[in-house]
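Engineer: One structure, pasted below without further comment.
The values are calculated or read from the model by the stated rules, or taken from the named source; none is laboratory data. All figures in this text were calculated on a predicted structure; none of them were measured in a lab. Please note: Cβ atoms are built from the backbone with ideal geometry, for glycine as well, and neighbour counts cover all protein chains shown. Accessible surface areas use protein heavy atoms only, side chains included; no ligands, DNA or RNA. Shrake-Rupley method; radii C 1.70, N 1.55, O 1.52, S 1.80 Å.
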Amino acid sequence: MKAKAIMVQGTGSDVGKSILVCALCRIFRQEGLKVAPFKAQNMSNNSYVTIDGKEMGRAQVAQAEAAGLLPAVEMNPILLKPTGNNGSQIITMGKPIGHMTANEYYRNKDKMLGIAKEAYSALSEQYDIIVIEGAGSPAEINIKDNDIVNMKIAEIADAPVILVTDIERGGSFAWVVGTLELLNSDERERIVGIIINKFRGDMGILEPGIEMLEERINKPVLGVLPYFNDINIDNEDSVCLENSDYELRSTSYKPSEAQIDIVVIRLPRISNFTDFDILKREKDVRLRFVDNAQSIGNPDLIIIPGTKNTIGDLKFIKENGIADTIKDLAKNGTMVIGICGGYQMLGKEISDPEETESKIAQIGGLGFIDAVTTFMLQKNTYQVKARMSENPFSHAGLTEKYFNTKCDISGYEIHMGETELLNGTSPFLRIIERSGKEVCVDDGAISNNGNVIGTYVHGIFDNDEFRLELINNLRKKRGLSPMLAEELSTVDKERQYDKLADLFRKHIKMDLIYNVIGEFKD
């Protein structure tokens with residue numbers, strides 16, 4: 001029997017579609033239903049590697065976790081990873097198939113739709129209900145004919161649609177009315193209700209507006225979700241970094257008490273920024289995303305994150321003075337860590353002979369590490385386990401061990417390039433397992449003075465032992481007492497998903513949602 005379906009579409013990007021799908025997945029799971037998330041096409045540089053080495057969007061990973069499932073690429077069969085203003089790497093069923101401009105992608109629309117339909121069909125045969133997420137807005141009339149993620153998928157799945165809007169931005173009533181006005185009659189009929197998201201204020205003031213809206217559109221408002229910042233769920237895309245409170249989104253974060261200052265360079269094509277979510281939750285850490293040299297200040301640690309365009313973003317930090325500022329600070333003792341593309345930037349040179357990433361064949365790196373990187377057509381995607389290299393700082397003449405070299409580190413790799421260490425440069429990690437298979441592969445590098453570290457492993461800060469040793473290394477440099485293991489921030493994901501479901505149940509008319517699912521499919 002094919003699954004029933006419910007779909008969440010939005011009046012625009014970053015209005016809360018992903019988090020609402022997450023909530024519904026958790027609620028249906030709590031009700032004893034076999035539920036799975038689905039998003040036909042996701043555009044994001046924030047990706048994840050499944051246990052079998054395939055790549056998918058992180059939002060569907062969180063939704064799968066909420067549903068009690070291991071993430072699978074059928075939940076996000078098409079992933080677009082933007083590499084510039086008019087092109088993206090195209091990943092289908094977890095594997096890259098090349099780069100396309102928007103026009104090239106649209107010319108392949110039928111093929112992509114076929115991939116999405118096949119993936120949805122596979123899920124539909126396995127689950128009781130599929131919670132589908134749309135993308136952007138269904139009312140983008142200039143590209144509506146090429147839609148394979150909003151109303152086209154709703155039609156294929158025969159899914160009733162909930163339309164969510166973000167009242168925090170202002171103009172949400174007009175946004176809802178305008179969206180419905182630009183849909184055709186069949187599409188409007190498919191929308192069964194509205195959810196107003198991110199509300200702060202007096203419901204008594206909002207209620208007259210809700211009554212007028214319902215009368216105008218002849219559809220119910222299913223609920224009003226309050227603004228919240230105390231539930232920690234992975235964000236899908238870097239759009240959220242534009243929100244001024246993103247760095248403060250933690251119940252334990254107290255700016256007046258934070259003594260360790262960590263700066264993440266906000267690259268134009270930043271990827272996998274969720275690598276650093278756990279750091280912002282540490283009560284004694286201030287985490288800042290910075291995109292200009294003047295705002296860097298004098299931090300304890302600078303992190304250069306992953307990027308979908310290493311060469312382009314390296315040019316960016318060179319041209320706007322960020323690179324020089326990092327070099328000056330590093331000379332004076334500030335620690336620097338590069339993750340994936342950020343690691344590649346730390347070396348002496350990056351080459352792209354196959355034009356895998358850009359038209360620039362070669363560019364000089366920051367020169368912190370004696371290494372060169374060459375981009376190749378083959379993409380490495382693995383879940384990994386690793387260990388610190390033996391005595392990684394001993395070559396720098398340090399008598400005290402700053403890190404516990406015995407602790408295991410887990411994470412994942414997503415990269416096109418291969419980095420070669422030169423002249424005896426020490427690796428940072430020894431990878432002992434890739435996608436469940438035993439290996440023995442060096443990863444990353446450490447500078448001669450032990451102050452600069454690079455690695456291809458995403459998620460390294462989520463490892464509690466490593467994070468504690470890192471923070472205590474920074475504290476030692478400041479003359480502060482070490483943090484105790486019991487003071488370390490931890491995230492119980494199951495509890496976070498339950499909190500989200502509780503919030504949703506409290507403010508949303510779930511009985512109406514159950515009714516429309518049944519009415520639409522019976």
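Engineer: Where the second residue is surrounded by fewer than 19 Cβ atoms within 10 Å (Cβ to Cβ) and outside any strand (DSSP E or B) and the first is of a type in the set (Lys, Arg) and lies in region 409-435, which pairs have Cβ atoms under 6 Å and are six or more apart or on separate chains?
Structural biologist: Going by the 6 Å Cβ cut-off, there are no qualifying pairs.
Engineer: For Asp324, which of the numbered conditions (1) surrounded by 21 or more Cβ atoms within 10 Å (Cβ to Cβ); (2) in a helix (DSSP H, G or I); (3) over 16 Å from the mean Cα position of the chain (by Cα) fails to hold?
Structural biologist: (1)
Engineer: Considering region 41-63 alone, what residues qualify as being among the small types (Gly, Ala, Ser) and over 19 Å from Ile115 (Cβ atoms)? Before the answer, list the steps.
Structural biologist: First, the residues of region 41-63 that are among the small types (Gly, Ala, Ser): 44, 47, 53, 57, 59, 62.
Of everything in region 41-63, just one residue is among the small types (Gly, Ala, Ser) and over 19 Å from Ile115 (Cβ atoms), namely Ala62.
Engineer: Just need a number here: residues in region 116-144 that are hydrophobic (A, V, I, L, M, F, W, C) and farther than 17 Å from Leu80 by Cβ.
Structural biologist: 8
Engineer: List pairs: first residue in region 141-164 and without any contact (Cβ under 8 Å) to a residue 24 or more places away in the chain, second residue in a loop (DSSP other than H, G, I, E, B) and crowded, with 18+ Cβ neighbours inside 10 Å anywhere in the structure, Cβ distance under 8 angstrom, at least six positions apart or on different chains.
Structural biologist: Cβ pairs passing all conditions: Lys144/Pro138; Asp147/Pro138.
Engineer: Among the residues in region 375-382, are any within 19 Å of Asp313 (Cα to Cα) and not polar (S, T, N, Q)?
Structural biologist: yes
Engineer: Could I ask something else about it? Quick one: is Val491 out of contact with any Pro (no Cβ under 6 Å at 6 or more places or on another chain) and either part of a strand (DSSP E or B) or free of Cβ contacts under 8 Å to residues at least 60 places away in the same chain (or both)? Outline the logic, then answer.
Structural biologist: Working: out of contact with any Pro (no Cβ under 6 Å at 6 or more places or on another chain): yes; either part of a strand (DSSP E or B) or free of Cβ contacts under 8 Å to residues at least 60 places away in the same chain (or both): no.
When the stated conditions are applied, Val491 does not pass them.
Engineer: On to the next question. Looking at (1) assigned to a helix (DSSP H, G or I); (2) of a type outside the set (Gly, Ala, Ser); (3) surrounded by 20 or more Cβ atoms within 10 Å (Cβ to Cβ), which is the only condition Asn103 fails?
Structural biologist: Condition (3) is where Asn103 drops out.
Engineer: Checking the condition assigned to a strand (DSSP E or B) and open to solvent by 10 Å² or more (accessible area, probe 1.4 Å), which residue from Ile97, Ile115, Ile132 passes? Even if it seems obvious, please write down each step before you answer.
Structural biologist: On the way: Ile115 fails: assigned to a strand (DSSP E or B); Ile132 fails: open to solvent by 10 Å² or more (accessible area, probe 1.4 Å).
Answer to the selection: Ile97.
Engineer: So, one more: What number of residues within region 470-496 satisfy the criterion of being modelled with pLDDT under 90, open to solvent by 80 Å² or more (accessible area, probe 1.4 Å) and of a type outside the set (D, E, K, R)?
Structural biologist: The total comes to 2.
Engineer: Give the number of residues within region 62-99 that are of a type in the set (Gly, Ala, Ser) and in contact with a Cys (Cβ under 9 Å, 6 or more places away or on another chain).
Structural biologist: Within region 62-99, the subset of a type in the set (Gly, Ala, Ser) is 62, 64, 66-68, 72, 84, 87-88, 94, 98.
From the residues that got through so far, the ones that are in contact with a Cys (Cβ under 9 Å, 6 or more places away or on another chain) too are 62, 64, 66-68.
Residues meeting the conditions: 5.
Engineer: In this structure, does Thr356 turn out to be over 17 Å from Ile453 (Cα atoms) and part of a loop (DSSP other than H, G, I, E, B)?
Structural biologist: yes
Engineer: Can I ask one more? What are the residues in region 497-522 that are open to solvent by 30 Å² or more (accessible area, probe 1.4 Å), assigned to a helix (DSSP H, G or I) and not aromatic (Phe, Trp, Tyr), if any?
Structural biologist: Of everything in region 497-522, those that are open to solvent by 30 Å² or more (accessible area, probe 1.4 Å), assigned to a helix (DSSP H, G or I) and not aromatic (Phe, Trp, Tyr) turn out to be Asp498, Lys499, Asp502, Leu503, Arg505, Lys506, His507, Asp511, Leu512, Asn515, Glu519, Lys521.
One line per residue, one yes/no per condition, for (1) in a helix (DSSP H, G or I); (2) in contact with a helix residue (DSSP H, G or I) (Cβ under 7 Å, 6 or more places away or on another chain); (3) surrounded by fewer than 24 Cβ atoms within 10 Å (Cβ to Cβ); (4) aliphatic (A, V, I, L, M):
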site: Met7; (1), (2), (3), (4): no, yes, no, yes
site: Ser13; (1), (2), (3), (4): no, yes, yes, no
site: Ser18; (1), (2), (3), (4): yes, yes, no, no
site: Arg26; (1), (2), (3), (4): yes, yes, no, no
site: Pro37; (1), (2), (3), (4): no, yes, no, no
site: Met56; (1), (2), (3), (4): no, yes, no, yes
site: Val61; (1), (2), (3), (4): yes, no, no, yes
site: Gly68; (1), (2), (3), (4): no, yes, yes, no
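Engineer: OK, next. Condition (residue is among the small types (Gly, Ala, Ser), open to solvent by 10 Å² or more (accessible area, probe 1.4 Å) and farther than 18 Å from Leu346 by Cα) applied to region 309-321: is it met by at least one residue?
Structural biologist: So far as region 309-321 goes, no, none of its residues is among the small types (Gly, Ala, Ser), open to solvent by 10 Å² or more (accessible area, probe 1.4 Å) and farther than 18 Å from Leu346 by Cα.
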